[in-house]
Amino acid sequence: MDSHPSGAAVAPAGLPATGTAPGAHRGRGFAERLGATERSDAWWFKPAIQALGLIVLIGYANWAAFLGAGHYHYEENGRHYLSPFYSPYLHPAWLPAWLSPALLVLVFPLGFRATCYYYRKAYYRSFFGDPFACAVGEARSKGYCGEARFPFVIQNLHRYFLYAALVFLVILWKDVFRAFWISGHLGVAGGSLAILFSTGTLTLYTFSCHSLRHLIGGKLDCFSCAAAGAPRRNAWAVVSLLNEHHMAWAWWSLLAVCLADAYVRLCSMGALHDPTLLTFASLFDVPEKLWGP
Ligand code: FES
């Protein structure tokens with residue numbers, strides 16, 4: 001590592017000058033062998049449960065996206081359900097038959113999740129052991145330079161994936177409204193709720209994003225001095241409130257997307273009967289039906 005004449009560490013050439021060279025300050029775990037610690041609590045539990053959750057849910061998502069193209073939607077009995085993994089549904093003529101159309105759109109939501117600040121923490125800890133937890137020996141002992149070099153520099157694309165995610169939300173809310181349109185009427189069925197749950201939690205996940213919070217107000221020192229300061233202050237306060245629970249929204253939304261896909265898939269396969277809970281003859285009418293086929 002280079003050093004300044006004053007004795008302070010400086011970044012190697014080509015890396016950002018943050019005042020502290022990447023890797024200059026490391027915790028206790030840096031000097032320990034992998035997994036070694038004096039902690040006596042169950043520090044391993046959280047990384048283990050995170051790893052299990054990610055393997056199961058991301059494993060399901062991959063299976064649905066790569067191999068589940070046969071049952072991505074349910075368009076019978078007056079329903080219009082589309083799996084969130086396949087929305088927006090794009091199937092150009094040039095797409096080979098063996099390639100799932102989900103892969104054309106999933107790059108954006110996957111990129112959004114993979115570069116999310118919370119998920120980074122989760123998979124760095126659970127899969128890279130970097131570190132597993134505070135004051136626990138790390139897997140990587142040298143060569144760490146933050147997220148300033150390939151491949152981790154790609155994490156800095158997160159804000160661009162956020163812009164794509166905001167566009168996707170508009171499309172997913174359109175799918176929600178279609179799911180509440182049953183046999184030509186406004187209605188509520190099991191699938192409507194599954195798709196609403198998926199898009200609702202995805203919206204909370206997206207609107208609690210750290211990058212969005214920064215975009216709205218995080219870079220301002222003075223709201224009252226900025227253009228549209230009052231509405232930005234209010235929007236920032238709402239996003240900050242959601243941001244406190246970003247980890248929870250990250251997990252709920254991942255689970256809800258998988259559940260919505262599974263629901264649509266089971267209906268499409270004929271393995272699940274989708275119950276109608278309510279139907280309305282028009283928007284402001286009393287319900288015509290309470291729980292029926
Ligand atoms: Fe998690 Fe942006 S930080 S979605």
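Values in this text are rule-based calculations from the coordinates and carry no lab data. Nothing here was measured: the structure is a model prediction, and the numbers come from that model. Here the Cβ is made from the backbone with ideal geometry for all residues, glycine too, and neighbour counts use every protein chain on show.
Enumerate the whole-percent occupancy of each 10 Å bin, from 0 to the last occupied one, for all C-alpha pair distances of the range 85-207.
The percentages, shortest bin first, are 11, 30, 28, 20, 9, 2, 0.
What is the distance, in nm, between label points placed 7 Å from the Cα along the Cα-to-Cβ direction at residue 140 and at residue 67?
Result: 3.2 nm between the two label points.
Check residue 279: other-chain or 5+ apart residues with amide H under 5 Å from its amide H, H built from backbone geometry?
Result for residue 279 returns 188, 288, 289.
Do any trypsin sites (Lys or Arg not before Pro) in the range 102-161 lie in a DSSP loop with no more than 15 other beta carbon atoms within 10 Å, and if so, which?
140, 142, 149
Using a cut-off of 13 Å between beta-carbons, work out the net charge of the residues near residue 207 (Lys and Arg +1, Asp and Glu -1, residue 207 not included).
Net charge around residue 207: 0.
Round to the nearest 0.05 the FRET efficiency obtained for residue 150 and residue 219 when R0 = 30 Å and r is the Cβ-Cβ distance.
With a Förster radius of 30 Å, E is 0.70.
Per residue, how big is the convex hull around the C-alpha atoms of the range 223-270? Give it to me in cubic angstrom, could you?
85
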